[in-house]
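The values are calculated or read from the model by the stated rules, or taken from the named source; none is laboratory data. Treat the numbers as computed from the prediction; the structure is a model and nothing was measured. Heads up, the Cβs are rebuilt from the backbone with ideal geometry, glycines too, and the neighbour counts pull from every protein chain shown. The area values use the complete protein model at the heavy-atom level, side chains included, leaving out ligands, DNA and RNA. Shrake-Rupley method; radii C 1.70, N 1.55, O 1.52, S 1.80 Å.
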Amino acid sequence: MRRRPPGRPASILRAAALLGLAVPAGLAAQRPALLDGAPPPTTLLYQNFPNPFPAAGQDSTCIWFDLAETGSVELEILDLRGGPVRRFIPGRDFGEVLSGGRYGRGVPGGPPCDPRLMWDGRADDGRVVPAGVYLYKLTAGGVIQFRRIVFRGRNR
């Protein structure tokens, strides 16, 4: 079995996510399993999918990230002024310290996304936010990464 060089995309799915392209559900379900179960070589925040959302019958968008090492992590959605909208980590489903690994992926044979890391356009208080562009921010291991989410709104 060939091993991929460190830092190279493992699949077309990962490449599509990095480019911000929507990933069809059928393709997402076919992503390969980890070869050796080792933590990823780098900490990386992937582009959410679908983006923009809601799209193609999906009311939520999926957020994936990789952690190279165990440490303190924050993952949150922000408005364009930097104001907090929704905090995932730390939060009700995750503590502040996470182990190195890949987060956001669904279980094999199931949906492509972990439901704990799906955003449905709601703020922490449960209200639906206005349609628009939002940012999501990952802070981990001394690295801060941002990506852009386009939320089309609920009344489409």
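With a cap of 12 neighbouring Cβ atoms within 10 Å, and only residues DSSP puts in a loop, list the GluC sites (Glu not before Pro) found in segment 40-145.
Numbers: sites: GLU69, GLU74, GLU76, GLU96; in loops: GLU69, GLU96.
Taking segment 40-145 and a limit of 12 other Cβ atoms within 10 Å, the loop GluC sites (Glu not before Pro) found are GLU96.
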Given the C-alpha centroids of segment 104-156 and segment 75-101, what is the distance between them in whole angstrom? 10 Å
Taking 0.36 nm per residue of separation and subtracting the Cα-Cα distance, what length does fully extending ALA56 through GLN145 add? 29.3 nm
So, with points 7 Å from each Cα along the Cβ direction, the GLU96-SER72 label distance in nm works out to 0.6 nm
Rounded to whole Å², per residue accessible area for segment 39-156 with a 1.4 Å probe reads 49 Å²
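Given a 1.4 angstrom probe, I'd like the percentage of the accessible area of segment 86-156 that is carbon and sulfur, rounded to a whole number.
It is 52 percent, rounded to a whole number.
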How long is segment 52-156 along each principal axis, judged by its Cα atoms, biggest number first, in Å? 41, 38, 22
